[in-house]
Each structure stands twice: as C-alpha cells, then as structure tokens.
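Input: a single structure, listed below in structure tokens.
The values are calculated or read from the model by the stated rules, or taken from the named source; none is laboratory data. Just so we're clear, the structure is a prediction, and the values are computed from it rather than from any experiment. Ideal geometry is used to build each Cβ from the backbone, glycine not excepted, and the neighbour counts take in all protein chains shown.
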C-alpha cells in the first residue's frame, strides 16, 4: 500500500530536467578545463552531476559543453553511473545560449527546468530538492546567501559612487529553477534583444517574472580560480570528518 501511494505521489510531481552549464572557457584557471580537474580524485563536473543524480526531484540531466569535450563528458557519465544524463550537447557562444540549447533537448513533458553550474561541485542533493520544491510553489526559485563584504558601486577610474546596503543584498547560487516555458521564453528574448544577463534569474526577471530566493549554502561555491579548488578540497575533507 505504501509503495502504491509513493508511486501516486511521484506521478503528481512535476517532471524536472536539470540543465548543466558546462561550456565555459575556464579563462581564470591557467589554461586547464576546471570541470575536468580532479577534486579529491573525482572530476569537478562529475561531483556536480552526482549530486543531481542523487536528487530525488531531478528526473533528467542534459549537459551543454564545448564541442571538444562532448566525447569525454559522455564517457564520464557512463564511467560514474550518471544514469539520469540523457544527452550531452554542444553549447553556444554564451551561457544563455548554452542553457537554451540544453533546454530545447529536454524531454517534451518537462515542466520544470533546473539550471546548474557545472563548476559548483559541492552542491548537495538536499539543496537541489529544496529549490525545486520552492519552484513548484512559485514558478521561479534560486538559492542565495547573504553578502558578507561591503559592496561599492564605482565609476571609471575607481572612484566610489555609492555604497550599497548589504543587509538587502544576496549572492545567488545554482540550481536556479523555473517553469520550463518561462525559462525558454526568457532566454530566447534575451538572446534576440542582445540583453547581457549574468544568470538565468536575470533573464526571467527581464520578462517581469518574480524570482523567489531560498536559503543557499555557504559551501556551494563556484570553482573559478585554482584557489577555489584548494578551498573545495578543504570543505570536502571537513564533510568527511563530520560523517
């Protein structure tokens, strides 16, 4: 009986596809592809994909990557048992274009799209599921953490123009989750109008859609520089000690 009720509940849950942005140039990593760099013996991208694989609310994974990495990433998915990964596709010229190309490859019955940075290997299945659950309720959700540093707006030449009130500022992370039709329309609109967007929330906000933020995770850092890899290694070691 419990098994039957579980199946009924799962059928009612909106189908969610995770779109992994993995087509960046890794320009600040000294010429190496950060996504394929080992993090405690496992490639950065694989750790990201494993978290999505283990998230109960994710039904499918589509990875958008550079053309020269298509074969290697496909092989990594097979090697590490990322069974939810249905497609590895060529990314576009920009992040927004890459995400849109991945979105168009998701299953037609997909209702929610969760956009995840390939370079956030410390994201947890619990955080992923929490953000997707929030998006089920409100249509657009993302994790965020309070900004710790004082943030200043500067003019050309470095002169301070304004100091922002950090109590109202948040640093947004991924996954960022949206109703599928809204995200695809937002990305298409941004590309057609050549609107520079720094993340998928920005694109959706351009259409007038309200994005709701949920509590993020300080450990959900993005690997951008070699120093970030060192920090990520330390976080992983700390996690292992806490288990």
Tell me whether the range 11-21 contains one or more residues that are assigned to a helix (DSSP H, G or I), at pLDDT below 95 and surrounded by fewer than 23 Cβ atoms within 10 Å (Cβ to Cβ). yes
Please indicate, with yes or no, whether at least one residue in the range 205-218 is touching a helix residue (DSSP H, G or I) at 6+ places or on another chain (Cβ under 8 Å), crowded, with 21+ Cβ neighbours inside 10 Å, modelled with pLDDT of 95 or more and in a helix (DSSP H, G or I). no
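Provide a single number: the residues in the range 156-184 that are part of a helix (DSSP H, G or I) and in contact with a helix residue (DSSP H, G or I) (Cβ under 9 Å, 6 or more places away or on another chain).
Of the residues in the range 156-184, the ones part of a helix (DSSP H, G or I) are 166-168, 180-184.
Pick out the ones that are also in contact with a helix residue (DSSP H, G or I) (Cβ under 9 Å, 6 or more places away or on another chain) and you get 180, 182-184.
Matching residues across the range 156-184 total 4.
In the range 186-198, how many residues are free of Cβ contacts under 8 Å to residues at least 60 places away in the same chain and crowded, with 17+ Cβ neighbours inside 10 Å?
Step one: filter the range 186-198 for residues free of Cβ contacts under 8 Å to residues at least 60 places away in the same chain, giving 186, 189, 192-196, 198.
Next, only the ones that are crowded, with 17+ Cβ neighbours inside 10 Å stay: 186.
Residues flagged as free of Cβ contacts under 8 Å to residues at least 60 places away in the same chain and crowded, with 17+ Cβ neighbours inside 10 Å within the range 186-198 amount to 1.
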How many residues are within 13 Å of the chain's Cα centre (by Cα) and surrounded by fewer than 22 Cβ atoms within 10 Å (Cβ to Cβ) when one looks only at the range 36-46? 0
Out of all the residues in the range 187-199, is one or more in contact with a strand residue (DSSP E or B) (Cβ under 8 Å, 6 or more places away or on another chain) and either closer than 21 Å to residue 93 by Cα or in a loop (DSSP other than H, G, I, E, B) (or both)? yes
Residues being more than 13 Å from the chain's Cα centre (by Cα) and crowded, with 23+ Cβ neighbours inside 10 Å: count how many of those fall in the range 58-68. 1
Residues of the range 128-152 being exposed (fewer than 10 other Cβ atoms within 10 Å of the Cβ) and more than 16 Å from residue 221 (Cβ to Cβ), which ones? 137
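Residue under question is residue 180, and the condition is that it be within 29 Å of residue 109 (Cα to Cα) and modelled with pLDDT of 95 or more; does it hold?
Working: within 29 Å of residue 109 (Cα to Cα): yes; modelled with pLDDT of 95 or more: yes.
Taking the combined requirement at face value, the residue satisfies it.
Just one of 32, 8 is surrounded by fewer than 19 Cβ atoms within 10 Å (Cβ to Cβ), modelled with pLDDT under 95 and assigned to a loop (DSSP other than H, G, I, E, B); which is it? Give the steps one after another, and end with the answer.
On the way: 8 fails: assigned to a loop (DSSP other than H, G, I, E, B).
That would be 32, the only listed residue that is surrounded by fewer than 19 Cβ atoms within 10 Å (Cβ to Cβ), modelled with pLDDT under 95 and assigned to a loop (DSSP other than H, G, I, E, B).
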Has the range 219-230 got at least one residue that is at pLDDT below 95, closer than 25 Å to residue 94 by Cα and not in a helix (DSSP H, G or I)? yes
